[in-house]
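The values are calculated or read from the model by the stated rules, or taken from the named source; none is laboratory data. Quick caveat, the model's predicted, so the values are computed rather than measured. Positions of Cβ are generated from backbone atoms using ideal geometry, with glycine treated the same way; all protein chains shown enter the neighbour counts.
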Amino acid sequence: MPSTGTYKINGLEMPQPTEGHWLPRRAIDIQGDNRPIYSPVRAFQLSWDIRTYEEWEVLVVAFNQLQASGTAVVEIPAYPSMTGTAFGYREYSGTTLSEPVIGGMFHEQFPTDVSLVIGNIRTQ
């Protein structure tokens, strides 16, 4: 499916994040030669400086809808490959979402500094 270059969760367009980045994989074990063995899945974190409750509601609705199936199809920037492919967005299926986290409340009393982690991303 062609990418639209927007952040989406199950087809629902997300507010444009202030930041999005791939998180480092965690080592799940250490081999005898002291070499780490990494998880085959990755995670991507989105962060927003939310300015309205409507933006917050889009994130909460996406998370609540996920509770029924447990997994989501997300559209995010593709993990950089070594094949020289240009930057672009890609859909990843079978992903999981953490609950959106609010960092603080702004003086107008709406949530700000919101983050969401998308997990279980298979990049290969």
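Kindly indicate the residue of region 41-57 that is surrounded by 17 or more Cβ atoms within 10 Å (Cβ to Cβ) and among the hydrophobic types (A, V, I, L, M, F, W, C) and also nearest to ILE28 (Cα to Cα) among those meeting that condition.
ALA43
Going through region 26-57 one residue at a time, which ones are of a type in the set (Lys, Arg) and under 18 Å from ILE102 (Cα atoms)?
The answer is ARG51, and nothing else.
Please verify whether region 12-25 includes one or more residues that are under 24 Å from GLU99 (Cβ atoms) and surrounded by fewer than 10 Cβ atoms within 10 Å (Cβ to Cβ). Write out each step before concluding.
Start the filter on region 12-25 by keeping residues that are under 24 Å from GLU99 (Cβ atoms), which leaves 12-25.
Filter once more, keeping what is surrounded by fewer than 10 Cβ atoms within 10 Å (Cβ to Cβ): 24.
The answer is yes; a qualifying residue exists.
Please work out if GLY32 is surrounded by 10 or more Cβ atoms within 10 Å (Cβ to Cβ) and either under 13 Å from the mean Cα position of the chain (by Cα) or small (Gly, Ala, Ser) (or both).
The answer is no for GLY32.
Residue by residue through region 79-102, note down the ones that are under 16 Å from GLN124 (Cα atoms) and at pLDDT 90 or above.
Within region 79-102, TYR79, TYR89, ARG90, GLU91, TYR92, SER93, GLY94, THR95 qualify.
Any idea how many residues of region 8-29 are under 19 Å from the mean Cα position of the chain (by Cα) and in a strand (DSSP E or B)?
The qualifying residues number 9.
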